[in-house]
Amino acid sequence: MTEPSAAHEAAVTDRGRLAGSAYRTDRDLAARQSLYRWQAPRYDLPGIVAEQLSAVRRRVVDVGCGNGKFLQRLRRDRSDLALLGLDISPGMLAGVPGPVAVAEATRLPLATESVDCALAMHMLYHVPDIPQAVRELSRVVARDGLVIVSTNSDGDKAELDDLWQRAAGDVLGTGRGPALIALGARFPLEKAPAFLGEEFGRVRTIELPGTITVRDPEPVIAYLASYQAWADQHDVPFEATVERAREILGDHIARHGTYEVGCRSGILVCRR
């Protein structure tokens, strides 16, 4: 994958776009999360995180907590922990049980070494200054604590990129159209250890490969439609491209019975 352009970086880190559109509510995030219901093997990501916290006894902060699915699991399984959710979107936090607060990952409103674990799940690619956010995660975690991060590989869901380009090309009459914006390109799984290694002496990667198999176009279409907040970045009529993708998918499933998407993501467990 080529290095993200300045325009790409600006689009995926713009605070107004993120808090006011992309994550104003959890609708689009939930659409992307729900696609994994059709993945095999199916990973219980909140459960994996909970397992990593087995030695943590007190305070956990979820930075960029989104719709709170990790907090919800920890509240269920680890009622002994003091949990705090932080996010840049007040709208997203409205549906998350407290305590929660609006905050930037680069300026965490926490004292130095005040928590035992910090989570940063599928969110560091939205932070304008990733190294500063990593420094903040390191600052607020106790010396014997841990930081857990997740992200996707450069090769994650390549079939959806191909589908989008085919659909966009059909709409534009150009053969292949422009690519779907790659939200995680600034912080892919391949580069994440280097970012995190600047602050943490031990970075362990847990890879989570799998295959999504659908027999109906709608879960994939909902995923593509969830990129509406970045419609202006695609250089193509967005809704028409989504509809053309639905037609292509319908034809494919009619011929083959299923449509498959390869997934590559991972969790990184960091200690000093």
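Points worth noting:
- Filtering ASP87, ASP62, ASP77 for residues that are under 23 Å from ASP144 (Cα atoms), touching a helix residue (DSSP H, G or I) at 6+ places or on another chain (Cβ under 8 Å) and modelled with pLDDT of 95 or more leaves a single hit, ASP62.
- Of all residues in region 112-153 being part of a loop (DSSP other than H, G, I, E, B) and either over 13 Å from the mean Cα position of the chain (by Cα) or basic (Lys, Arg) (or both), the one that is nearest to TYR259 (Cα to Cα): PRO128
- Checking the stated criteria, ALA94 turns out not to satisfy the condition of being modelled with pLDDT of 95 or more, more than 27 Å from GLU190 (Cβ to Cβ) and over 19 Å from the mean Cα position of the chain (by Cα).
- Residues that are of a type outside the set (A, V, I, L, M) and touching a helix residue (DSSP H, G or I) at 6+ places or on another chain (Cβ under 7 Å) within region 181-214 comprise GLY184, ARG186, PHE187, PHE195, GLU198, GLU199, PHE200, THR205, THR213, listed in sequence order.
- Residue identified as assigned to a helix (DSSP H, G or I) and either within 21 Å of ASP232 (Cβ to Cβ) or at pLDDT 95 or above (or both) among LEU160, LEU180: LEU160
- Flag for TYR43 being in contact with a Cys (Cβ under 9 Å, 6 or more places away or on another chain), of a type outside the set (D, E, K, R) and touching a residue at least 60 places away in the same chain (Cβ under 8 Å): no
- Subset tally (residues that are of a type in the set (Phe, Trp, Tyr) and either within 25 Å of ALA10 (Cβ to Cβ) or exposed (fewer than 14 other Cβ atoms within 10 Å of the Cβ) (or both)) for region 168-216: 2
- Note on region 51-98: residues that are surrounded by fewer than 22 Cβ atoms within 10 Å (Cβ to Cβ), acidic (Asp, Glu) and in contact (Cβ under 8 Å) with a residue 24 or more places away in the chain amount to 1.
- So ARG27, is it closer than 21 Å to SER89 by Cα, surrounded by fewer than 18 Cβ atoms within 10 Å (Cβ to Cβ) and either touching a His at 6+ places or on another chain (Cβ under 7 Å) or touching a residue at least 40 places away in the same chain (Cβ under 8 Å) (or both): yes
- Residue selection: ASP216 fails the criterion of being on the phi < 0 side of the Ramachandran plot and assigned to a helix (DSSP H, G or I).
- Exactly one residue among TYR43, TYR36 is assigned to a helix (DSSP H, G or I) and either within 17 Å of the chain's Cα centre (by Cα) or aliphatic (A, V, I, L, M) (or both), and that residue is TYR36.
The values are calculated or read from the model by the stated rules, or taken from the named source; none is laboratory data. Quick caveat, the model's predicted, so the values are computed rather than measured. Counting neighbours? That spans all protein chains shown, and the Cβs are built from the backbone with ideal geometry, glycine included.
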